[in-house]
1. Within the stretch 380-399, does at least one residue satisfy the condition of being closer than 18 Å to F580 by Cα, open to solvent by 60 Å² or more (accessible area, probe 1.4 Å) and out of contact with any helix residue (DSSP H, G or I) (no Cβ under 7 Å at 6 or more places or on another chain)?
2. Would you please list the contacts, defined by Cβ atoms under 7 Å and residues six or more apart or on different chains, that run from a residue in the stretch 603-623 that is more than 13 Å from L591 (Cβ to Cβ) to a residue that is open to solvent by less than 10 Å² (accessible area, probe 1.4 Å) and of a type in the set (G, A, S)?
3. May I ask you to list the residues in the stretch 218-254 that are aliphatic (A, V, I, L, M), within 42 Å of the chain's Cα centre (by Cα) and in a helix (DSSP H, G or I)?
4. Does the stretch 365-373 contain any residue that is free of Cβ contacts under 8 Å to residues at least 60 places away in the same chain, crowded, with 17+ Cβ neighbours inside 10 Å and among the aliphatic types (A, V, I, L, M)?
5. State whether the residues of the stretch 255-268 include one that is at positive phi and more than 39 Å from the chain's Cα centre (by Cα).
6. Quick one: which of N490, N467, N439, N462 is within 44 Å of the chain's Cα centre (by Cα), under 28 Å from R586 (Cα atoms) and without any contact (Cβ under 8 Å) to a residue 24 or more places away in the chain?
7. Restricting the search to the stretch 502-524, which residues are assigned to a loop (DSSP other than H, G, I, E, B), under 22 Å from N467 (Cα atoms) and out of contact with any helix residue (DSSP H, G or I) (no Cβ under 6 Å at 6 or more places or on another chain)?
8. Tell me, please, whether a residue that is of a type in the set (F, W, Y) and either over 23 Å from T553 (Cα atoms) or surrounded by fewer than 13 Cβ atoms within 10 Å (Cβ to Cβ) (or both) can be found in the stretch 437-456.
Amino acid sequence: MRILIGNVFILFFISFFTLLFIETTKELSSAQSLHQVLDESIELEKITLSSNSLVLDKNGNTISDIYSSENRIHLSYEDIPSSVLEAFIAAEDHSFYEHHGFDMSGIARAFLVNLQSQSVEQGGSTVTQQLARNLYLSHSQTYERKLTELLYSYHLERVFTKQEILEMYINTVYFANGVYGMEAASQYYFDQTIEELSIAEIAFLSAIPNNPTHYDPLKNSELTHERKKWILLQMLNQEFIDEETYHDAKSEEITIYSFEKQDQFPDYTTYVFYELQQLISKEEGYKKRLRAASSAEERSAIRETIQNRVDQLLASGITIDTALDPKAQSHAVSTINHYLGDTGIQGATSIIDHEKGEIVAITGGVSYNKFDFHRGFQAYRQPGSAIKPLLVFAPLLEETKLNRSSIIDASPINRGNYEPKNFGGAIYGKVTLEEAFKNSYNTAAVRMFDMIGVETGFDYFNQFDFNQISSNDYRLPSALGGLTNGVTVNELTQAYSVFATQGVYRSPKAIRQVTDLDGNILYTWESEDKEVWEQSTVEEMKTMLRSVVSSGTGTAAHFTGSNYVGGKTGTTNDFHDLWFVGSSDRYTTGLWVGKDDPSSIYVQSQNNLHTRLWSDIMKELNQ
């Protein structure tokens with residue numbers, strides 16, 4: 001009896017409350033007063049819905065869906081098919097366009113059901129009430145929450161148009177399995193965009209939000225189908241569809257797609273995330289702040305701010321257009337895995353389309369997993385003789401106007417306590433620059449570096465994107481790759497691309513542009529062309545790089561199919577690192593091979609593992 005009396009009282013209160021709302025809207029002065037109270041009492045926070053972000057390859061195909069707990073793809077009202085709106089109105093809110101946020105007749109029907117069951121079984125919620133609940137309130141089934149919901153719903157209808165409410169509703173409603181919004185549901189359950197759905201499929205999806213657990217298509221598809229039929233009947237009764245459409249949709253077979261989150265090419269997408277941080281840091285001033293930071297704690301705080309900014313952008317639904325060439329990436333990964341497999345030896349490569357100044361492929365290591373340590377851009381290793389073209393030979397040509405036929409002394413050299421040795425302890429005399437280059441004579445390289453001056457060599461070298469060069473590197477052993485921290489294969493490959501672009505360095509990137517949900521460009525790299533070498537220097541260098549492959553230390557790197565093939569080998573002390581960086585007509589590719597815990601790979605060096613691997617990667621690219 002107490003429950004009955006309580007329910008009667010609640011019904012009276014809700015009725016009185018509703019009538020009060022209706023009457024006050026009729027009186028201007030009263031309505032103004034009420035609205036002022038609502039404006040002061042209910043603050044509708046700015047609605048910011050998370051949305052999936054995408055990474056696209058060079059052809060515009062999705063290679064990675066980015067979202068955490070909420071799988072949502074935002075739709076503007078104009079992109080929502082009318083049949084979707086009609087299905088939800090038919091199922092959830094017949095009088096949507098007439099009410100002011102709540103429907104008294106719906107509340108009365110829900111009350112009768114609750115009275116019979118002696119509990120809160122139904123809420124009689126309108127679309128607006130459901131939206132208020134999704135955005136601002138809890139989902140608890142209590143009358144206190146219900147009354148609050150009415151206030152919020154009425155206020156929502158004052159602040160937003162019916163179209164805006166429908167748009168927000170379609171994008172916030174829950175479809176089970178972590179899916180929010182109709183577009184994400186369409187792609188999750190049917191692998192189709194919302195525009196491709198049939199009436200039957202729309203009704204099927206529209207059945208889920210009423211009770212996502214009960215109508216989960218992956219667990220209770222028979223229940224989802226039953227509600228789908230009911231929704232189709234409602235659409236027929238409200239004349240949204242005709243008899244023929246109703247019967248065809250009712251009998252249409254529904255096939256659920258087995259969804260798999262798009263997350264291809266982990267090596268490349270991991271690098272894209274890194275480059276996105278760099279792009280945002282540069283464009284929003286964080287890079288300058290990092291340089292000016294005076295303590296490790298300050299730098300750490302700035303980096304945390306950058307990461308929070310990146311996370312915020314990814315949750316807003318950005319699209320990252322990249323230069324990824326899926327064919328080149330797949331081939332580079334499979335070739336490295338094939339050659340190195342379970343040997344315990346690691347390898348990484350970077351491939352640059354030097355005509356466009358773009359990184360089309362980059363690998364992170366054997367059998368790489370996303371966000372693991374990435375050897376393509378995070379492994380700083382000694383470059384050995386692969387540094388000579390950039391730090392020694394090209395600067396020498398640029399400064400002295402010598403050429404590849406000029407004579408240089410390759411005999412033993414002693415500068416203080418530093419006495420560099422050639423491979424195998426060999427001793428040479430006077431040789432041409434080209435011979436010293438293609439056979440990688442260390443004594444000649446150090447003598448040339450000493451001739452032009454260490455600082456002059458680094459003046460040229462520092463025009464490239466090497467991030468770990470320090471003042472401690474300004475010494476003669478650097479001519480042979482003896483750096484404090486080393487370089488990454490991506491940095492070295494980027495720098496080598498200057499030989500294929502007539503001496504102009506364009507700082508190759510993976511990201512083409514970043515856009516928001518409306519297609520507006522948020523970020524893009526600005527072209528910063530630097531003229532590093534004169535044309536005559538580039539031509540001399542390209543000829544000497546070609547001689548390395550034709551008759552020097554890199555003959556195993558030769559392949560057919562390109563008018564030009566040239567590059568430079570690099571081997572560090574005790575054979576800890578093997579390098580080959582070079583170009584064809586279209587691509588500049590760098591390769592590093594070694595062990596994470598440095599140890600000798602002498603046998604692999606003697607078998608030309610690095611040059612053969614590089615050749616196999618490049619052959620496929622140039623077919």
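1. Within the stretch 380-399, one or more residues are closer than 18 Å to F580 by Cα, open to solvent by 60 Å² or more (accessible area, probe 1.4 Å) and out of contact with any helix residue (DSSP H, G or I) (no Cβ under 7 Å at 6 or more places or on another chain).
2. Note: pairs meeting the criteria are N622/S584.
3. Listed by number, the residues that qualify are L223, I231, L232, M235, A249.
4. Within the stretch 365-373 (the criterion being free of Cβ contacts under 8 Å to residues at least 60 places away in the same chain, crowded, with 17+ Cβ neighbours inside 10 Å and among the aliphatic types (A, V, I, L, M)), the answer is yes, since at least one residue qualifies.
5. no
6. Criteria check complete, one pass: N462.
7. R506, S507, T524
8. no
The values are calculated or read from the model by the stated rules, or taken from the named source; none is laboratory data. Keep in mind that this is a model prediction, so the values were computed, not measured. No Cβ is skipped: glycine too gets one built from the backbone with ideal geometry, and neighbour counts run over all protein chains shown. Please note that ligands, DNA and RNA were not included when accessible areas were found on the heavy atoms of the full protein model with its side chains. Shrake-Rupley method; radii C 1.70, N 1.55, O 1.52, S 1.80 Å.
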